[in-house]
Amino acid sequence: MNKLKAPAHGGDRVGAALEAHGVRFIFTLCGGHISPILTASRARGIRIVDVRDEATAVFAADAMARLTGVPGVAAVTAGPGLSNAITALKNAQLAQSPLILFGGAAPTALQGRGALQDIDQRPLVAPHVKLFRKIRRVCELGPAVEEAFAVARAGVPGPVCIECPVDLLYDEASIRQWYADAAGKGTGVADRLLRFYLNRHVERMFAGSAAAAAVAVRDLAPPAASESSLEAAAAALAAAERPLLVIGSQALSIAPEAPRIAAAVAQLGIPVYLSGMARGLLGRDHPLQMRHQRRQALRESDCVVLAGVPCDFRLDYGRHVRRSAKLIAANRSAKDARMNRRPDIAAIGDAGLFLARLGAALAQKGRRWSSWIEEVRTRDLARETEIEEQARPEAEFVNPVAFFRALEQAAGENAVMVADGGDFVATASYILHPRSPLSWLDPGVFGTLGVGAGFALGAALARPQSEVWIIYGDGACGYSLAEFDTFVRHGIPVIAVVGNDAGWTQIAREQVKMLHDDVGTVLARTAYHEVAAGFGAAGILVKKAAEVPAALARAQALARAGKPVLLNVWLDKTEFREGSISM
Ligand SMILES: Cc1ncc(C[n+]2csc(CCOP(=O)(O)OP(=O)(O)O)c2C)c(N)n1
Ligand SMILES: [Mg+2]
C-alpha cells in the first residue's frame with residue numbers, strides 16, 4: 001500500500017497511480033483530452049516523452065515493457081489519436097507485450113451528441129487489447145490503473161486500454177462550473193430539467209472521490225507449469241538421443257529473470273535456436289547456440305522443446321518438427337502450446353521459468369549429447385563460411401552482407417539492435433550476433449514495418465548506457481523518420497542505419513519473378529541522411545564498402561557525444577535473400 005495525499009484532480013489520480021507503480025516515462029502525442037494526465041504526471045517526476053505519431057508512442061511503450069518486464073505507458077488523445085495507435089497496439093498484442101494505453105474521450109455528458117473527435121472507441125480498440133476499461137467516475141481512475149497493471153502482466157501478457165473522458169480529469173470546481181454554464185439560466189421546464197439532469201450527472205461523476213486515494217500495487221506470481229509436466233519433460237529429454245531447444249520471445253517475458261534462464265539453458269547442454277526477444281540470451285557466441293539450418297536440425301531431432309514458440313508459419317505450422325519426435329511445448333497460452341500440432345507434453349505456464357526449473361531437474365540426470373552437438377555445430381559453421389563467401393562480391397555500392405560483417409565488428413558490447421525492414425533486416429539477423437539477453441528488438445509475429453523509431457526510443461530510455469542501433473530498410477524508415485525530431489529534442493542519441501536499395505525489395509523480389517511487374521515497389525535513392533540533418537541530427541552518406549568502417553566509427557563517436565545519427569548506406573543488389581518468401 002502506498003499512501004498518497006489527495007490528488008488535485010482526475011489527471012493527478014492517474015499520475016499518482018503511475019508513480020506508485022514506479023512508472024518513469026509516458027510516451028505521448030498531446031491532445032486537449034489528456035492534458036491533465038501529462039501535466040500531473042510531470043509534476044510527480046514522470047518524464048513525458050512527446051513524439052510525432054501516436055503509433056511511435058505505443059511502440060516505445062512496447063519496447064520499454066520488453067526490456068524491463070514492467071508495462072510501458074502511453075497516452076493519446078481521443079478519436080484519431082487512438083485510431084492512429086491501433087497498429088502498434090495490435091503489434092504489442094501479438095508480441096504478447098504488456099503496456100497501458102490511456103485514451104482520451106469526449107466529456108461524459110456529450111458522448112454520442114456530436115462532440116469533437118467523439119466516436120464509440122470500444123469497438124475500435126477492444127479487439128486488440130486484453131481489457132478496454134471505460135471510466136465513468138473519478139474515483140475509478142486509481143483502481144483502474146492498478147487493475148490495468150495486473151491484467152497486462154497476468155497469464156499471456158498484452159496491452160490494456162483505459163479510456164478517460166476529459167471531464168473526469170479536471171478539478172471538480174472547474175467541471176461543476178462548466179456543467180453549470182452549459183445548463184444555462186433559463187426558467188422554462190426544459191431548462192430546469194436539463195439543470196436537474198446535469199447536476200445529478202456531476203454528482204455521480206464525483207461521488208466517492210473526496211477520500212484520499214491509496215494505490216495498491218499488486219504482486220503477481222507468474223503462471224508456473226505443473227510439476228508433472230516438468231518431470232515428464234526431464235524424463236523425455238534424458239531418454240533422447242538428439243534433443244533440440246527452440247526458445248522464443250515469450251520465454252523472456254520476465255526480463256529480470258534473463259540471467260537465470262540463460263544459466264539454465266547453458267546447463268541443459270542441448271543445442272539451441274533462439275528467436276525474437278530470446279536472441280542474445282546466451283551472449284554473442286556460445287557453443288550450444290546454432291544460427292543456421294534450423295529446419296534440418298528439427299527434422300533430425302527426436303525430442304524438441306518449444307519454449308514460448310507456437311507452431312505457426314515460422315515452423316511451417318508444425319511440419320518442421322518430425323512426426324515421430326517427442327514434442328514438449330512450454331507456453332503461457334494453452335492455445336499457443338497446441339497450435340496446429342498437439343505436443344506430447346504441454347507445460348502451461350511461463351516458458352522461461354520452465355527452462356530454469358528444467359535446467360535443475362535435468363542436471364540431476366547427468367545426460368550429455370556431445371556428438372549430436374558436434375553434428376549440428378559443424379553444419380552451422382559450414383553455413384557461416386558460405387555467408388562469408390557472399391560478403392565478397394563487390395559491385396558499384398555496398399554489399400549488405402559485408403556491411404553487417406563490419407557492423408558486427410564495430411557495435412559495442414552493450415549494443416541494442418532494433419530491426420525494421422525487409423530483406424536488409426533479414427540479412428542483419430543472419431549476421432549480427434546480439435550481445436546479451438534482450439538486446440534485439442523486432443516487431444514479432446505481426447511483421448509490422450514502422451516499429452523502428454518507437455522501439456529505439458523505448459530502448460534508449462530503458463537502457464541509457466547502451467548504444468542503440470536501428471536497422472532500417474529504406475522503405476521502412478519512411479514510417480518513423482520524423483521521429484528524428486523527437487530524438488533531437490529529447491537528446492536521444494540513437495544510430496540509424498538505412499539500407500538504401502531504392503526499393504521495397506523483399507516484396508519486389510517475388511512480385512517481379514511471379515508477376516513480371518515491379519509496380520508499387522520502386523523507391524528513389526532518397527537523401528535520408530539530409531532529412532535527419534534537417535531535424536538537427538547528424539547525417540552520413542555511405543556509398544562504398546571502403547567507407548563503412550570509418551563511417552561506423554564516426555557515427556558511434558557522435559552518438560557518444562549525445563547526437564542522433566542516420567547513416568544512409570547505398571546497397572548493391574545481392575542474391576543473398578534469393579528464394580526466401582514470407583507469407
Ligand atoms: C505496415 C506494413 N506494410 C507493408 C508490409 C509488407 N512488407 C513487408 S517487407 C516490405 C518491404 C520492406 O522494404 P524495405 O524496408 O526497404 O526493406 P528491403 O526489403 O528493401 O530491404 C513490405 C512492404 C509490412 N510488413 N508492414
Ligand atoms: Mg529497401
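The values are calculated or read from the model by the stated rules, or taken from the named source; none is laboratory data. Please read these numbers as outputs of a predicted model, since none were measured by experiment. Heads up, the Cβs are rebuilt from the backbone with ideal geometry, glycines too, and the neighbour counts pull from every protein chain shown. Note: accessible area is taken over every heavy atom of the protein model, side chains too, but ligands, DNA and RNA are not part of it. Shrake-Rupley method; radii C 1.70, N 1.55, O 1.52, S 1.80 Å.
Limited to the stretch 248-296, what total is found for residues that are open to solvent by less than 10 Å² (accessible area, probe 1.4 Å), farther than 20 Å from Arg66 by Cα and in contact with a Gly (Cβ under 6 Å, 6 or more places away or on another chain)?
2
Is it the case that Gln506 is modelled with pLDDT of 95 or more, open to solvent by 10 Å² or more (accessible area, probe 1.4 Å) and within 16 Å of ligand 2 (Cβ to nearest atom)?
yes
Given (1) open to solvent by 30 Å² or more (accessible area, probe 1.4 Å); (2) touching a residue at least 40 places away in the same chain (Cβ under 8 Å), where does Gly158 come up short, assuming only one miss?
Gly158 satisfies every listed condition except (1).
Give me the pairs: first residue in the stretch 452-469 and over 20 Å from Ile46 (Cβ atoms), second residue open to solvent by less than 10 Å² (accessible area, probe 1.4 Å) and polar (S, T, N, Q), beta-carbon distance under 8 Å, and six or more apart or on different chains, which are they?
Gly452/Ser480; Ala453/Thr56; Ala453/Ser480; Ala453/Thr486; Ser466/Ser439
Across the stretch 475-508, what is the total count of residues that are charged (D, E, K, R) and in contact with a helix residue (DSSP H, G or I) (Cβ under 7 Å, 6 or more places away or on another chain)?
Here the count works out to 2.
Out of the residues in the stretch 374-401 that are buried (at least 19 other Cβ atoms within 10 Å of the Cβ) and aliphatic (A, V, I, L, M), state the one that is farthest from ligand 2 (Cβ to nearest atom).
Ranking the qualifying residues of the stretch 374-401, first place goes to Val376.
May I ask you to list the residues in the stretch 450-470 that are within 18 Å of Pro437 (Cα to Cα) and open to solvent by less than 10 Å² (accessible area, probe 1.4 Å)?
Those that are within 18 Å of Pro437 (Cα to Cα) and open to solvent by less than 10 Å² (accessible area, probe 1.4 Å): Phe455, Ala456, Gly458, Ala459, Val468, Trp469, Ile470.
Pull up the stretch 402-445, narrow it to residues that are aromatic (Phe, Trp, Tyr) and touching a residue at least 40 places away in the same chain (Cβ under 8 Å), then point me to the one that is farthest from ligand 2 (Cβ to nearest atom).
Of everything passing the filter in the stretch 402-445, Trp440 is farthest from ligand 2 (Cβ to nearest atom).
Quick check on my filter: what residues within the stretch 421-461 are under 14 Å from Arg66 (Cβ atoms), more than 12 Å from the chain's Cα centre (by Cα) and aliphatic (A, V, I, L, M)?
Ala460, Leu461
Just to be sure I understand, how many residues within the stretch 473-503 are surrounded by fewer than 24 Cβ atoms within 10 Å (Cβ to Cβ), part of a helix (DSSP H, G or I) and near ligand 1 (Cβ under 9 Å from one of its atoms)?
Result for the stretch 473-503: 2.
Report yes if Lys563 is closer than 23 Å to Gly422 by Cα and modelled with pLDDT of 95 or more, otherwise no.
When the stated conditions are applied, Lys563 does not pass them.
Residues that are free of Cβ contacts under 8 Å to residues at least 60 places away in the same chain: which helices (runs of 4 or more DSSP H) entirely in the stretch 5-120 hold 2 or more of them?
Passing ranges, in order: 10-20, 35-43, 80-84.
Please return the ranges of helices (runs of 4 or more DSSP H) entirely within the stretch 281-365 where 3 or more residues are under 28 Å from Arg379 (Cα atoms).
294-300, 351-363
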